[in-house]
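A short worksheet on the structure shown next.
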Amino acid sequence: MERDQDVVLQYAIKVLVTAIVVVAVSELGKRSSFWGAVLASLPLTSLLAFVWLYRGTGDTEAIASLSHAIFWLVLASLPMFLVLPALLRNGVWFWPALGASCLVTVGLYFGLVRVLGRLGVQL
């Protein structure tokens with residue numbers, strides 16, 4: 001019973017910390033797009049994932065593998081930050097622009113994974 005309570009508490013802490021980060025980016029972005037972007041561009045999600053994974057497993061090889069995969073996959077996500085503003089500035093409504101940006105990113109993920117596989121890079 002105590003173990004179950006510990007697991008629930010750990011999940012609650014993870015959700016709370018993650019929510020605080022997302023809300024902080026959103027609120028800071030309302031006041032200053034620059035500082036909101038600075039906070040959002042920090043690899044906070046990755047850092048939190050590393051901490052949660054280490055605390056949950058103590059497996060440093062899993063963290064190293066996750067970090068390696070994140071490095072490569074970030075490359076596929078970067079164009080989204082060019083496609084979305086380009087669509088918005090050309091009059092595309094927010095939701096369709098966001099959807100199109102996400103579709104481009106997903107396509108790039110698949111393409112990058114395929115290319116990396118041919119180059120022998122394991123994710």
When restricted to Ser46, Ser65, the only residue in contact (Cβ under 8 Å) with a residue 12 or more places away in the chain, of a type in the set (Gly, Ala, Ser) and under 24 Å from Gln122 (Cβ atoms) is Ser46
Which condition does Gly99 not pass, out of (1) crowded, with 16+ Cβ neighbours inside 10 Å; (2) of a type outside the set (Ser, Thr, Tyr); (3) part of a helix (DSSP H, G or I), if it passes all the others? (1)
Working carefully through the options Gly99, Gly117, find the one that is farther than 23 Å from Ile70 by Cβ and small (Gly, Ala, Ser). Gly99
Could you run through the stretch 87-96 and say how many residues are assigned to a helix (DSSP H, G or I) and either exposed (fewer than 13 other Cβ atoms within 10 Å of the Cβ) or modelled with pLDDT under 95 (or both)? 4
The conditions are (1) of a type outside the set (D, E, K, R); (2) without any contact (Cβ under 8 Å) to a residue 24 or more places away in the chain; (3) out of contact with any Pro (no Cβ under 9 Å at 6 or more places or on another chain), and Leu75 fails exactly one of them. Which is it? (2)
Top-ranked residue in the stretch 37-75 [being of a type in the set (S, T, N, Q) and modelled with pLDDT under 85; ranked as nearest to Val113 (Cα to Cα)]: Thr45
Can you tell which of Leu88, Leu116 is free of Cβ contacts under 8 Å to residues at least 12 places away in the same chain and touching a Phe, Trp or Tyr at 6+ places or on another chain (Cβ under 9 Å)? Leu88
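The values are calculated or read from the model by the stated rules, or taken from the named source; none is laboratory data. Owing to the predicted nature of the structure, the values given are computational and were not obtained by experimental measurement. Methodologically, a virtual Cβ is constructed for each residue, glycine included, from the backbone with ideal geometry; neighbour enumeration extends over all protein chains shown.
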